[in-house]
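> I have a structure I would like to understand better, so I am pasting it below and will then ask my questions one at a time.
Derivation of every value follows stated rules applied to the coordinates shown; laboratory data play no part. Since this is a predicted model, take the numbers as computed values, not measurements. In this analysis, Cβ positions are derived from the backbone assuming ideal geometry, glycine residues included, and neighbour counts consider all displayed protein chains.
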């Protein structure tokens with residue numbers, strides 16, 4: 001195996017493992033009832049993962065979000081939560097992005 005082939009080996013292995021796990025998950029899900037404890041566990045795990053990503057984005061953002069002040073990020077999160085509770089997921093997403101964008105743009109305009 002030459003150097004070029006060796007560089008692709010870990011990526012191909014990870015892709016194969018991921019695909020195998022997805023196929024196994026689909027086959028297992030066919031036999032489970034929606035109220036099965038494993039389905040509830042998977043839903044809880046997905047929610048916890050999403051919550052962790054939100055906290056990381058709020059507390060220690062990277063990329064362009066790193067330049068946005070913490071209070072602006074918190075205001076966007078607050079608006080998203082309020083709209084989510086009142087009108088649902090899509091409204092929460094739109095409200096959070098809108099408030100975050102408007103406040104960040106207003107602060108950027110002050111610094112010019």
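> Please give the length that would be gained between residue 14 and residue 98 if that part of the chain were fully extended, namely 0.36 nm times their separation in residues minus their C-alpha to C-alpha distance (nm, one decimal).
On the way: separation 84, 0.36 × 84 = 30.24 nm, distance 3.71 nm.
Net length gain for the segment: 26.5 nm.
> Also, I was wondering about something else. Sorted by average packing, counted as other Cβ atoms within 10 angstrom per residue and highest first, what order do 65-71, 16-22 take? All intermediate terms of the calculation are to be shown ahead of the outcome.
On the way: 65-71: 11.7, 16-22: 10.0.
Going from most to least packed, we get 65-71, 16-22.
> Roughly how far apart, in whole Å, are the Cα centres of segment 27-54 and segment 57-90?
Between the Cα centre of segment 27-54 and that of segment 57-90, the gap is 25 Å.
> Here is a follow-up. Relative to the first principal axis of the alpha-carbon coordinates of the chain, what is the inclination of helix 37-59, with its axis defined by its Cα atoms, in degrees from 0 to 90 and to the nearest 10?
Taking Cα atoms only, the helix is inclined about 40 degrees.
> Continuing with the same structure: Hey, in the GNM for the chain with a 10 angstrom Cα cutoff, which one of 82, 11, 100 fluctuates hardest?
The residue that fluctuates most here is 11.
> Using a Gaussian network model of the chain with C-alpha springs under 10 Å, which one of 75, 52, 24 is most mobile by mean-square fluctuation?
Answer for the Gaussian network model of the chain: 24.
> Treating the angle as unsigned and between 0 and 90°, give the value, to the nearest 10°, between the Cα long axis of helix 70-87 and the longest Cα principal axis of the chain.
Taking Cα atoms only, the helix is inclined about 70 degrees.
> Over the chain, what relative contact order in percent results from Cα pairs under 8 Å that are six or more residues apart?
On the way: 46 pairs, mean separation 16.0, N = 112.
For the chain, the relative contact order is 14 percent.
> On to the next question. Round to the nearest 10 and give me the degree value, 0 to 90, for the angle of helix 3-30's Cα axis relative to the longest principal axis of the chain.
The angle comes out near 90 degrees.
> Another one. Over the Cα atoms of segment 62-112, what radius of gyration and what Dmax do you get, in Å?
When restricted to Cα atoms, segment 62-112 yields Rg and Dmax of 11.5, 37 Å.
> Based only on the alpha carbon positions, what is the Kirkwood hydrodynamic radius of segment 8-106, in angstrom? All intermediate terms of the calculation are to be shown ahead of the outcome.
On the way: mean 1/r = 0.0608 Å⁻¹.
One over the average 1/r among Cα pairs gives 16.4 Å for segment 8-106.
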